[in-house]
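The values are calculated or read from the model by the stated rules, or taken from the named source; none is laboratory data. Just so we're clear, the structure is a prediction, and the values are computed from it rather than from any experiment. Cβ: placed from backbone, ideal geometry, glycine included. Neighbour counts: every protein chain shown.
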Amino acid sequence: MNTTEQEQELLKGLAQNDKNAIEVIYRENYGAIQSFVINNNGSADEARDIFQEAMIVLYEKSKLPKFSLSCQIKTYLYSICRRLWLKRLQQLSKYSTQVESLEETIPVEEEIEDHEKRNEDFILMENAMAKIGEPCKSLLDAYYIQKKSMQDIAADFGYTNADNAKTQKYKCLLRLKKLFFAQYKNV
Amino acid sequence: MDDLLLIEAVERYLNGEMPSSEKLLFEDLRKKDPEVDQAVVEHAYFLQGLDKFGTQKSFKHALHEVENKLLDEGFINDTLQLKGKAKVTNWWKKYQRNIAVAASIAGFISLLTIGITVSYTKKVGNDTYAILVGEIKKTNAQVNILKSKQDNIPVNPAAPVAPVVNFRATGFLIDGKGYLVTNAHVTSRMQNIYVENKKGNYYKAEAVYTDNNVDLAILRITDTAFKAITNLPYSIKKGTSDLGEQFFTLGFPRNEIVYNEGYLSAKSGNDGDSSSYQLTVSANPGNSGGPVINRNGEVIGIITAKDSKADGVVYAAKSKNIFNLLETLRKSDSKYQQVKAPTNSDLKNLDRVQQVKKVEEFVFMVVGN
């Protein structure tokens, strides 16, 4: 079992996308989650999905400026997974028997709601990105997601100079924005 | 104000890149013109969304990498906690082997393997195959008799050794370092193997692993001219797919890549072979080894054969076999330690045309003699 300091270190690492921290958390927690899902009507594939989602919830939480976890990572992940899995079972209307659970859990309703909202936003952006086409997608990806400099992008994409790349980038951004907000109108 | 100029100004303003004089002017404009103010708020919201999207995407990426590592190590194991079912699986594996033997005998005769080139089929002639189909249909008990007969049949009588390309089939990359999957019946017919991409570049390849039971082979491009590809857009599905699932295929029944679509019609292949699916799609000689891809961009199977009598009945090896093959390959030699199949697809939510565009450059024509 980890000390509080070790747990804090792990969460700090997680907030910075540190793969070692992710791996340690995986190794210490995945087994319990997989057993839980499989013992409750699920498959190994579904367990992996659920665990990934819970990791994203934990990641988002670890990035908050005033972040503190009131319980152990293990308890937190387990509670999230349990809640997510119950929801999924309900959606699939597989939910018939009492869900087995011996572990301690904490209430996580709010977190799940936030997570679902974020997921929706993510999907809206992903859809808009998918519609925008090349070279816009790669260009925006390079600038806004990989955070490359305009000089590097100009060189990579074969623009004569950074200013040309910049103009192109703004054109693409404008298109993406239109596609993104168009989805709100359709909802 | 011009939209483009406006978002440029807003972005510089939000990033704090505006000189103070311009900033004052801009803030003034913002106060006076509600439209400009609205644009600033909207753009800030949008950029925030884009930024969140970016961070979440990079985190997901890191997560997938860790997961793949743990999967490769066997730390995450599909059969964990499944002691009860494991028995059934073991029993099934044993049984499967018997079926596979029977299927390979039956398959030899009743199926027309698709990997053969036009020139080959012309020489052997479809008629022979058709007659043999008739014979085996008389009774299944005669399988053994037929087997001995089969030994006498010159399987490949005209196998020419001339340095020309005699056979054509399909293969696709499963690891950007130059590893492809195709059918075992394709590589077994070839002494020299080449793969050709859609740009027309040829690379020399070798078969590093073949499994005749599931009719799959792994090729490695040995040519130094081949440049490793860092990211394959599709993934290989680990689980099984459901009846009715729609898919598309890409392959080389001609000298040019050909697209087709169909649906999954049975969860087992010829004669109940549980390692393959039955599909309804059109396939022709040359389609062998081609990927079967669902709408999420996951490879769910590899085309292996078609029924020579029934139209549109095609068999495909299940994609999870690829993982078994890779595992054995990795164990066989330390130099294959790093070979792994992509488990993350970038093709979700793309329309079909875009998906095909992204996939086609990784589908190769496998040719040889």
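All conditions in (1) touching a helix residue (DSSP H, G or I) at 6+ places or on another chain (Cβ under 6 Å); (2) surrounded by fewer than 22 Cβ atoms within 10 Å (Cβ to Cβ); (3) part of a loop (DSSP other than H, G, I, E, B) hold for B:PHE226, with the sole exception of (1). The residue that is surrounded by the most Cβ atoms within 10 Å (Cβ to Cβ), among those in segment B:250-283 that are assigned to a loop (DSSP other than H, G, I, E, B) and of a type in the set (Ser, Thr, Tyr), is B:SER275. A:ASN29 passes every criterion in (1) buried (at least 18 other Cβ atoms within 10 Å of the Cβ); (2) facing another protein chain (nearest Cβ under 7 Å) apart from (2). For segment B:71-83, the candidate set comprises residues that are at pLDDT 75 or above and surrounded by fewer than 17 Cβ atoms within 10 Å (Cβ to Cβ); within that set, the residue that is farthest from the other protein chains (Cβ to nearest Cβ) is B:GLY74. Kindly provide the set of residues from segment B:19-65 that are of a type outside the set (Asp, Glu) and not in a helix (DSSP H, G or I), ordered by number. Matches in segment B:19-65: B:PRO19 only.
Note on segment B:205-222: residues that are in a loop (DSSP other than H, G, I, E, B) and in contact with a helix residue (DSSP H, G or I) (Cβ under 8 Å, 6 or more places away or on another chain) amount to 4.
One residue stands out in segment A:146-165 among those that are under 24 Å from B:ALA44 (Cβ atoms) and buried (at least 17 other Cβ atoms within 10 Å of the Cβ): the one that is farthest from the other protein chains (Cβ to nearest Cβ), namely A:ILE153. The residues of segment B:16-49 that are within 14 Å of chain A (Cβ to nearest Cβ) and over 44 Å from the mean Cα position of the chain (by Cα), listed by number, are B:GLU17, B:GLN38, B:ALA39, B:VAL40, B:VAL41.
The residues of segment A:133-152 that are closer than 22 Å to B:GLN354 by Cβ, touching a helix residue (DSSP H, G or I) at 6+ places or on another chain (Cβ under 7 Å) and not aromatic (Phe, Trp, Tyr), listed by number, are A:PRO135, A:CYS136, A:LYS137, A:LEU139, A:LEU140, A:ALA142, A:ILE145. All conditions in (1) at the interface with chain A (Cβ under 8 Å from one of its Cβ atoms); (2) at pLDDT below 85 hold for B:ALA86, with the sole exception of (1). If I go through segment A:112-145 residue by residue, how many of them are without any contact (Cβ under 8 Å) to a residue 40 or more places away in the chain and either more than 10 Å from chain B (Cβ to nearest Cβ) or not hydrophobic (A, V, I, L, M, F, W, C) (or both)? Number satisfying all stated conditions: 17. One residue is enough: does segment A:49-65 have a residue meeting the conditions over 25 Å from B:LEU71 (Cβ atoms) and either within 11 Å of chain B (Cβ to nearest Cβ) or in contact with a strand residue (DSSP E or B) (Cβ under 7 Å, 6 or more places away or on another chain) (or both)? Checked segment A:49-65: at least one residue is over 25 Å from B:LEU71 (Cβ atoms) and either within 11 Å of chain B (Cβ to nearest Cβ) or in contact with a strand residue (DSSP E or B) (Cβ under 7 Å, 6 or more places away or on another chain) (or both).
Consider B:PHE364 against the criteria (1) away from chain A (no Cβ under 14 Å); (2) part of a helix (DSSP H, G or I); (3) within 19 Å of B:LYS199 (Cβ to Cβ): it satisfies all of them except one. Which criterion is unmet? In the conditions (1) away from chain A (no Cβ under 14 Å); (2) part of a helix (DSSP H, G or I); (3) within 19 Å of B:LYS199 (Cβ to Cβ), B:PHE364 misses (2) alone. Of all the criteria given as (1) touching a helix residue (DSSP H, G or I) at 6+ places or on another chain (Cβ under 7 Å); (2) free of Cβ contacts under 8 Å to residues at least 12 places away in the same chain; (3) under 22 Å from B:ASN344 (Cα atoms), the one not satisfied by A:GLN34 is (2).
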